[in-house]
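Comments concern the structure below.
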Amino acid sequence: MDSALKAVQMMRMAMLASIVLYVLVAEFVGAKPATAPDKIIFYALTFVAVTTVAITMALRRLLIAPAAAALATQSSDMAMVNRWRGGYIASYATSESIALFGLVLRFLGFTLSQVAPFYLAAFILLLALAPQRPTNELS
């Protein structure tokens, strides 16, 4: 369980760092299109990002919570450890996709102030979804 927790924490840190890299790449390397970007794309990706947050929460409820409950009583169950780790990886991947939507929008010509909520939402979501060691103690 300790190695799974450490792996998930390292993955989370790497994904947090990658969001910072997305911002830097978009600002310093990104080409600025000559024409104004289409607002429909912005609204569509905003809708997809909001839906992605809901999917992330559902993944946590469907994959992580049951596995954590099972691991609280039997921490050596490798199937549940893998499900727990996979749930975190899936929720981090969906969270990271929100930052990628911001990166795509930035390359399409939207301003940093328009895409900053995508970066911030992904960063905050990854911060909030810190892995927790399964315990059988009541909070």
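None of the figures in this text is laboratory data; all of them are computed from the coordinates on show. Everything quoted here is computed from the prediction, not taken from an experiment. Glycine gets a Cβ as well: all are built from the backbone with ideal geometry, and neighbour counts include every protein chain shown.
Hey, got the Cα dimensions of the chain along the principal axes, in Å, largest first?
In descending order, the Cα extents are 59, 25, 25 Å.
Round to a whole angstrom and tell me the spacing of the C-alpha centers of segment 105-138 and segment 1-62.
First find each Cα centre; the distance between them is then 7 Å.
When Lys and Arg each count +1 and Asp and Glu each count -1, what net charge do the other residues less than 14 Å away from Ala26, Cβ to Cβ, add up to?
The answer is +1.
Using only the alpha carbon atoms of segment 1-78, find the Kirkwood hydrodynamic radius as the inverse mean reciprocal pair distance, in angstroms to one decimal.
The answer is 16.3 Å.
Who wins for biggest fluctuation among Ala121, Ala58, Ala93 in a Gaussian network model of the chain, springs between alpha carbons below 10 Å?
Ala58
Expressed in nm to one decimal, what extension gain is obtained for the pair Phe47 and Ser3 from 0.36 nm per residue of sequence separation less their Cα-Cα distance?
So the chain would gain 12.2 nm between Phe47 and Ser3.
Cα atoms only: what Rg and Dmax, in Å, come out for segment 63-116?
Rg, Dmax (Cα atoms, Å): 17.4, 52.
Can you compute the charge dipole magnitude of segment 1-65 about its Cα centre, using +1 on each Lys and Arg Cβ and -1 on each Asp and Glu Cβ, nothing else charged? Give it in debye, rounded to the nearest 20.
160 debye
Mean Kyte-Doolittle hydropathy of 1.0 or higher plus an axial Cα length of 20 Å or more: which whole DSSP H helices in the chain meet both?
In the chain, the long hydrophobic H runs are 2-28, 39-59, 112-128.
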